[in-house]
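Inspection log for the structure reproduced underneath, given as structure tokens.
The values are calculated or read from the model by the stated rules, or taken from the named source; none is laboratory data. A quick note: this is a predicted structure, and the numbers were derived from the prediction, not measured. Using ideal geometry, Cβ is built from the backbone for each residue, glycine included, and neighbour counts are taken over all protein chains shown. Note: areas computed on protein heavy atoms with side chains; ligands, DNA, RNA excluded. Shrake-Rupley method; radii C 1.70, N 1.55, O 1.52, S 1.80 Å.
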Amino acid sequence: MTIATYHCPACGHSYAADRPLWRCDCGGHFNLAPGRGLRRDDIASPEASLWRYAAALALLRPPRVSLGEGWTPLVLRDWQGAQIHFKLESQMPTGSFKDRGTAVMINHLLEVGVGPIHEDSSGNAGASIATYAAAVGLPCRVYVPAAAPRAKLVQIAVSGADVRPIPGTRQDVTEAALGATGESFYASHNWQPFFIEGTKTLAFELWEQLGFRVPDNILVPTGYGSNILGLERGFDELEKGAEIAARPRLFAVQAANCAAFAAAWAVGTETFVPFAARPTVADGIATPKPVRVAEVLAALRRSQGAVVAVPEEEIAPAVAALGRLGLFVEPSAATAGAALTRLLSDGTITPDQTTVAVLTGSGLKAADRIATLLGILGGK
Ligand SMILES: [Zn+2]
């Protein structure tokens, strides 16, 4: 495998990915050059993790650290009379989909000699990165919202990372992390494109688990959009490998109270538009300022999908309905269920189609909040 190339869409510069970098000298974000593609024969079938697709990952060597991430279950459940495939990313090592991106990003950074790292996160990515850093002995500091669910903060602290709770908005947390870039490497899952290199394996898995077929629709709870971009990159590579002829429609699901992509989608623009962010129980996808706005919107348009903004009052019923199907997920993940109800009701999705709903995070991440939300076990 040769060294991957970073490309900056803002100024057009390219860089070899041979040292720890998180953005361009011009301040723009990096994207990775297109990958080599994946063919069925490339799959290391005995490997029950995302490393079964190692042949298609832009890494130089086998991973130095893995906790068995990936190859999560895809289970069929009835949702309003339709048979829906639920992808249980909640069953990752740290309980959220983030491990897919983290594992690949951390292994890349290790290959190019990274030292101490820091990160900002609403909670799940922080827990994921802190856990992988601990597993390989990298010092790690994580900036989180002071109001993040306690279980997520505990998870980060238990790994031995330095937890820095920041009062204010999610953007205030990011600003704190940006301010620390001189002290350690900013291993931001939202900026560093090797995170998306990891999330692309979601596309490979869905294709393989559906019998080497693509679904018609994929619904993804979306904050920064790393799963949407990973799916787009993964399906690009399957196309390149001549393994697929059709592409699924991608639906980015947001909490209406904090929906940057929905705001841009509604006015038909390719760039960020200011919007009023209000609090939401879906803390994991409450992203006031995504990094790759144009890329995410382009991926949705190209797939002929859409953005679905879920009103706050529809999230708790979705948590409960999923729970009764044996799917215990955090409110951010349950937005996929609420969106499914909407898209089935208005006919955008029909029961004869193959539809996947990605459940991004475990209910154990926010059990106290779920008790409050559903008014159960004295939750208030
Ligand atoms: Zn640039």
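Residue by residue, here is whether (1) within 16 Å of the chain's Cα centre (by Cα); (2) part of a helix (DSSP H, G or I); (3) surrounded by 17 or more Cβ atoms within 10 Å (Cβ to Cβ) holds:
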residue	(1), (2), (3)
Ala148	no, no, yes
Ala157	no, yes, no
Trp191	yes, no, yes
Gly198	yes, yes, yes
Arg213	no, no, no
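Looking for something within 16 Å of the ligand (Cβ to nearest atom), farther than 20 Å from Ser184 by Cβ and not in a loop (DSSP other than H, G, I, E, B) - is there at least one such residue anywhere in the stretch 26-35? Yes.
The set of residues from the stretch 1-18 being open to solvent by less than 70 Å² (accessible area, probe 1.4 Å), outside any strand (DSSP E or B) and more than 14 Å from the ligand (Cβ to nearest atom) comprises Ala4, Ala17. Looking at the structure I just gave you, is Leu21 more than 9 Å from the ligand (Cβ to nearest atom) and in contact with an Asp or Glu (Cβ under 8 Å, 6 or more places away or on another chain)? No. Within the stretch 127-144, one or more residues are without any contact (Cβ under 8 Å) to a residue 24 or more places away in the chain and either among the acidic types (Asp, Glu) or out of contact with any His (no Cβ under 6 Å at 6 or more places or on another chain) (or both). Pairs linking a residue in the stretch 95-118 that is assigned to a helix (DSSP H, G or I) to a residue that is open to solvent by less than 20 Å² (accessible area, probe 1.4 Å) and aromatic (Phe, Trp, Tyr), with Cβ atoms under 6 Å and 6 or more positions apart or on different chains, are Gly101/Phe195; Thr102/Tyr132; Val104/Phe194; Met105/Phe194; Met105/Phe195; Ile106/Tyr132; His108/Phe194.
Note on the stretch 352-380: residues that are β-branched (Val, Ile, Thr), more than 16 Å from Val220 (Cβ to Cβ) and in contact (Cβ under 8 Å) with a residue 60 or more places away in the chain total 0.
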